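Here is the structure we will look at.
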Amino acid sequence: MQLTKIGFFVIGIFLGAFAMTAYGADVAKIGIIDFQKILEKSDAGKAAQEKITTKGKELEGDLKEKGMAIEESKKRFEREAYVMSKEAREEKERELKIKILDFKDLEKKHKSDFNEFNMKLVGEFRDEVMKVVDEIGKKQGFLLIIEKREGGIVYAPTQIEITDEVIQKYNATYNKKG
């Protein structure tokens with residue numbers, strides 16, 4: 001009986017010591033970043049957005065130029081169709097249809113190229129930002145850093161958001177690179 005009391009006493013001491021250790025442990029440090037905000041406000045993000053906009057305008061200008069050429073060909077065909085022979089009219093109509101199909105193919109290709117360019121640029125930007133986030137996480141002892149939009153966060157206090165800190169540190173890194 002006495003051995004049982006001593007056993008419970010020893011177990012109680014171990015459990016009490018464990019509970020005190022767990023109670024005195026550091027609180028888990030969690031941070032939140034907003035990638036979209038970093039993209040919009042950081043120097044590198046602004047540069048990336050400018051490149052994307054420039055590429056988009058370039059491709060759009062090319063399409064607009066080719067579209068205007070096709071419209072001009074249509075108008076010319078409509079004016080001249082009445083004085084052409086049936087064979088010549090059918091030949092011009094076929095050529096016009098081919099130009100329109102080529103234009104649609106070019107439009108699809110430009111859209112695909114633009115999306116690929118956009119994804120590549122944003123992907124490279126994201127990789128660089130994640131290096132900075134990783135560095136901040138390690139230095140400041142974060143247990144977890146979550147991206148605000150992709151993380152599915154419904155509520156988060158503003159005290160744990162570290163987006164502005166990531167922007168400052170990333171700008172410093174980006175500006176050192178030139």
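The values are calculated or read from the model by the stated rules, or taken from the named source; none is laboratory data. Nothing here was measured: the structure is a model prediction, and the numbers come from that model. Quick reminder, even Gly has a Cβ in these numbers, built from the backbone with ideal geometry, and neighbours come from all protein chains shown. Calculation scope for accessible area: heavy atoms of the full protein, side chains included, ligands and nucleic acids excluded. Shrake-Rupley method; radii C 1.70, N 1.55, O 1.52, S 1.80 Å.
Only one entry in Arg89, Arg94 is at pLDDT 90 or above and more than 40 Å from the chain's Cα centre (by Cα), namely Arg94.
Looking at the structure I just gave you, is Asp164 under 14 Å from Phe35 (Cα atoms) and exposed (fewer than 10 other Cβ atoms within 10 Å of the Cβ)? It is false that Asp164 is under 14 Å from Phe35 (Cα atoms) and exposed (fewer than 10 other Cβ atoms within 10 Å of the Cβ). Just a yes or no: is a residue in segment 119-127 in contact with an Asp or Glu (Cβ under 8 Å, 6 or more places away or on another chain) and in a helix (DSSP H, G or I)? Within segment 119-127 (the criterion being in contact with an Asp or Glu (Cβ under 8 Å, 6 or more places away or on another chain) and in a helix (DSSP H, G or I)), the answer is no, since none of the residues qualifies. Is one or more of the residues making up segment 167-174 of a type in the set (Phe, Trp, Tyr) and closer than 30 Å to Lys74 by Cα? The answer is no, given that none of the residues of segment 167-174 is of a type in the set (Phe, Trp, Tyr) and closer than 30 Å to Lys74 by Cα. The set of residues from segment 26-66 being among the aliphatic types (A, V, I, L, M), in a helix (DSSP H, G or I) and under 22 Å from the mean Cα position of the chain (by Cα) comprises Ile38, Leu39, Ala44, Ala47, Ala48, Ile52, Leu59. When the test is whether a residue is part of a helix (DSSP H, G or I), under 37 Å from the mean Cα position of the chain (by Cα) and farther than 30 Å from Tyr174 by Cα, Glu72 does not pass it. Close Cβ contacts (under 9 Å, 6 or more residues apart or on different chains) running from residues in segment 96-117 that are aliphatic (A, V, I, L, M) to residues that are open to solvent by 60 Å² or more (accessible area, probe 1.4 Å) comprise Leu96/Lys74; Ile100/Lys74; Leu106/Lys66.
Being within 29 Å of the chain's Cα centre (by Cα) and exposed (fewer than 12 other Cβ atoms within 10 Å of the Cβ) is a property that does not hold for Asp113.
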